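The next block holds one structure in the form of structure tokens; read it before the comments.
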Amino acid sequence: MKITICGSIAFFDEMLEIKKHLEELGHEVKLPPSEIAGEDGVAIPIKQYYKLRKAEKGDSGWIWDRKEEAMKRHFDKVVWSYAILVLNYTKNDIKNYVGANTFLEMGLAFHHKKKIYLLNEIPEISCKEEILDMKPVVINNDLTKIK
């Protein structure tokens, strides 16, 4: 199955590990990019970019240009896939965190009639109702449930 992994870039190391396991199970897997072009155009690791983005106080500039590009490229991966797997670990003291970007990716997958898998239970967040409406399959960290 073609699967795109979605989730916060804070979970990028976990994404790499899950990708490896999914490929061992015979799936074809796409992730967010591992690098982003920095301000000078030279590639920087995605986690370095993530830290720079989180520290950015302005609302314009190269940081947001790269964010826009990355979002659009990842949306293309969602459309390419048969299903998405949302890695929803604890972040910012929120158990099973689903952030705004991931929620957008889930909405895109829902609109395109893709299967939506959640690694962990649906979080207690303001958009829980909308996530429930998308009818994701919660796999409770068991990748063999992806079919």
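Every read-out reported here was derived from the displayed coordinates using simple, explicitly stated rules and does not represent laboratory data. The structure displayed is predicted, hence computed values, not measured ones. No Cβ is skipped: glycine too gets one built from the backbone with ideal geometry, and neighbour counts run over all protein chains shown.
Below are the figures for this structure:
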item: Fewest-first ranking of Arg66, Arg73, Arg53, using other Cβ atoms within 10 Å as the exposure measure; result: Arg73, Arg53, Arg66
item: Sequence of Ser126, Ser34 once ranked by neighbouring C-beta atoms within 10 Å, starting from the fewest; result: Ser126, Ser34
item: Kirkwood estimate for segment 74-123, i.e. one over the average of 1/r between Cα atoms, Å; result: 11.1
item: Restricting segment 84-147 to GluC sites (Glu not before Pro) in coil, as DSSP defines it, with at most 10 other Cβ within 10 Å; result: Glu124
item: Rounded to 5, the percent of DSSP beta bridges in segment 13-147 classed as antiparallel; result: 40
item: Principal axes of segment 1-74: Cα extent on each, largest first, Å; result: 43, 20, 19
item: Qualifying lysines (Cα of each under 17 Å from Cα of Lys57; at least 8 residues distant if same chain); result: Lys67
item: Sequence of Lys2, Lys115 once ranked by neighbouring C-beta atoms within 10 Å, starting from the fewest; result: Lys2, Lys115
item: Cleavage-rule hits, GluC sites (Glu not before Pro), segment 19-91, DSSP coil, Cβ neighbours within 10 Å at most 15; result: Glu39, Glu56
item: Dipole magnitude of segment 66-121, debye to nearest 20 (Cβ charges: Lys/Arg +1, Asp/Glu -1, about Cα centre); result: 140
item: Kyte-Doolittle at least 1.0, axis length at least 24 Å by Cα - qualifying DSSP helices, the chain; result: none
